[in-house]
Every structure is written in C-alpha cells, then in structure tokens.
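Student: Sharing a structure here in structure tokens format.
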Amino acid sequence: MSTDLLQGYVKAETINSITTIEFFHPQSNSLPSNILQQLALAIRVAGKNDNTKVIIMKSGGDRVFCAGASFDELSSITTEEAGLDFFSGFAHVINAIRTCEKMIIARVQGKCVGGGVGLAAAADYAIATKFADVKLSELAVGIGPFVVGPAIERKIGSGGFNALAVDAASWRSSEWARNMGLFAEVHDTAEEMDLAVNRLASSLANSSPDAMADLKKVFWKGTEHWDLLLEERAAISGRLVIGIHAKEAIRAAKTKK
C-alpha cells in the first residue's frame, strides 16, 4: 500500500462514559482500507467497553465529513478478490455499527459522498450542519452504492435512495437530507452542531444501557442477514471496479481533483 494511503488516523477517547471515535485522512477524509479496518475495530471495541455508554462518530477537519472510497486505492485494484477485500471494509464498518449495543451519534460537519453517506445513515442519530450536502457518486465512476445501499435505503426509503443512486452527479442539500430522515438535526454552525451533539450524548450517557441496547435491536430488526448481504454486495462492487468503464471513470475523476 502506498504511503499516501497509509496517511490519516482513527483515534478513540472516552470521557464521562462518552467515547468519541474520530477518523481522518488528508484527502477529504476519504476511506482507504486501513482506515476502514481501524474504524470498524474502534467501534467494536467501544461497543464492548463497559465504560462506554454512548459513541460519537466524527471526522477531523471542518469542511468534509467523508469523501467516501479512496480513489487512489480504487485505481490500484486489479482483481476481483482485491476488490472484494476493499469493499468488505465498508461492510465491516456498517455491520460494526449495526451490532454495536451502544447508541452511535454521527457528527456531520460537512459534505458526505458515497461511503460517507453510508456512515451517516448507519448511525443511530446524525446531527449535521447546513454545509453537509450529500451525494452518491458511485454510478458516475462505473460501480454503484451496493454495500452502503441497504443502510441508506433503511434510513431514507427506497425512493430517496433511488434518487441519490441514479443521479450520481448531483448534490442534495442538507435540508433535503433532513427531510428524508438521513439527518435528525441540521444546524447553521459547527458550534451549534457541537452543542446539540454534546447535549444528546450527555443525555444518553445517563440513560439505561439495557434500554438503549434493546432499542437498538428494535431499530435494526430485520437486518440479521446483513453479514452475508453486505459481503455479497461487496463482491458486486469488487467485480465492477476492475472493469474498463470503472477504470476510465476513476482515472478521469482523479484528474479533476
């Protein structure tokens, strides 16, 4: 893996029963496989930690929440097996969120693309700023939002998911995302967003852990098969990403950066 792909971090800190998991990558908080692996692990660890009552998932920086899959890594994939391994990283993060017994709040300070929309959708409660426009760009680069699709469709319905997936070149506003149910709250400033995140996290930290765990089971009822489903979806993306159309589209997208 190139040095560029190894940049970034995932870190976790627990204060007053609130664990904040932060991920960062210098390329607009994109998600290479090492970041995906670390993020899934951090969520699983926090979920099993008795000192954690609630989790805040956030990214570093102040402009982009998450740019989705790393184009550098996508362009380096040459086999279906390598493609499956990469996209399985998104499956593991979503399934870690799904099976975590702790409530997860997503702090969404800026734009969400592709897998970033999937992270926001998988969270139990997403709080954003008005700058958090969303886009599913996968079809525009020759693949599709197959792995994150179930999480997004579960949150905003098939109509909203279809609109995002088909019109892969267009941004939808944060207000659209709130109206569709992707974001629970949208605030004018990052300061207002953080006040809302901290208020809710503090409230949940004083709530019954058993009640919250049972409530998460209710939220995610009917998704028990997702371990298999998301792996199957990852295989579809892994096959498409090595095709000529995807290679050319990804190369063109990288050139525009």
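Student: So what is the relative contact order of the chain, in percent, for Cα pairs below 8 Å that sit 6 or more residues apart?
Tutor: 22 percent
Student: Which value, in debye to the nearest 20, gives the size of the charge dipole of the chain about its Cα centre, when Lys and Arg are +1 and Asp and Glu are -1 at the Cβ?
Tutor: Charge dipole, the chain, about its Cα centre: 240 debye, nearest 20.
Student: Quick one: Kirkwood hydrodynamic radius for the range 124-257, alpha-carbon pairs, angstrom, one decimal?
Tutor: Values: mean 1/r = 0.0585 Å⁻¹.
Across the range 124-257, the inverse of the average 1/r is 17.1 Å.
Student: With θ taken as phi - 60° and the coefficients 6.51, -1.76 and 1.60, list the Karplus ³J(HN,Hα) couplings across the range 218-225 in order, rounded to whole Hz; mark glycine and proline as x.
Tutor: Residue by residue, the range 218-225 yields 5, 4, 9, 4, x, 10, 4, 8 Hz.
Student: Now for a different question. Pick out, in residue order, every one of the trypsin sites (Lys or Arg not before Pro) in the range 1-97 that is DSSP loop and has at most 11 other C-beta atoms within 10 Å; say none if there are none. Could you put the intermediate results ahead of the total?
Tutor: On the way: sites: LYS11, ARG44, LYS48, LYS53, LYS58, ARG63; in loops: LYS53, ARG63.
Here the sparse-neighbourhood loop sites are ARG63.
Student: Shifting gears a bit: Obtain the radius of gyration and the Kirkwood radius of the range 1-137 from its C-alpha atoms and give Rg over Rh.
Tutor: Reported Rg/Rh, Kirkwood definition of Rh: 0.96.
Student: Please arrange CYS112, CYS66 by counting, for each residue, the other beta carbons lying within 10 Å of its beta carbon, fewest first. Walk me through the numbers on the way to the answer.
Tutor: Working: CYS112 33, CYS66 26.
So the residues, fewest neighbours to most, are CYS66, CYS112.
Student: Per DSSP helix of 4 or more residues, -39500 (n - 2.57); summed, then divided by the residues of the chain. What does that give at 222 nm, rounded to the nearest 500?
Tutor: Using -39500 (n - 2.57) per qualifying helix, the result is -16000 deg cm²/dmol.
Student: Test of understanding: ordering SER158, SER75, SER59 by Cβ neighbours within 10 Å, fewest first, what list do you get?
Tutor: On the way: SER158 12, SER75 15, SER59 28.
Fewest-to-most Cβ neighbours within 10 Å comes out as SER158, SER75, SER59.
Student: Only Lys, Arg, Asp and Glu count, each charged at its Cβ (+1, +1, -1, -1), so figure out the dipole size of the range 91-194 about its Cα centre, rounded to 20 debye.
Tutor: Once rounded to the nearest 20, the dipole reads 280 debye.
Student: Test of understanding: what is the full-extension gain from VAL166 to ASP210, defined as 0.36 nm times their sequence separation minus their Cα-Cα distance?
Tutor: 11.8 nm
Student: Of the listed values (1) 54, 49, 31; (2) 71, 62, 29; (3) 53, 37, 35, identify the label whose number matches Cα extents along the principal axes in Å calculated from this model.
Tutor: Only one option fits the structure, namely (3).
FYI, it's all coordinate maths here, none of it is from the lab. Values in this document were obtained by computation on a predicted structure and should not be read as measured data. Here the Cβ is made from the backbone with ideal geometry for all residues, glycine too, and neighbour counts use every protein chain on show.
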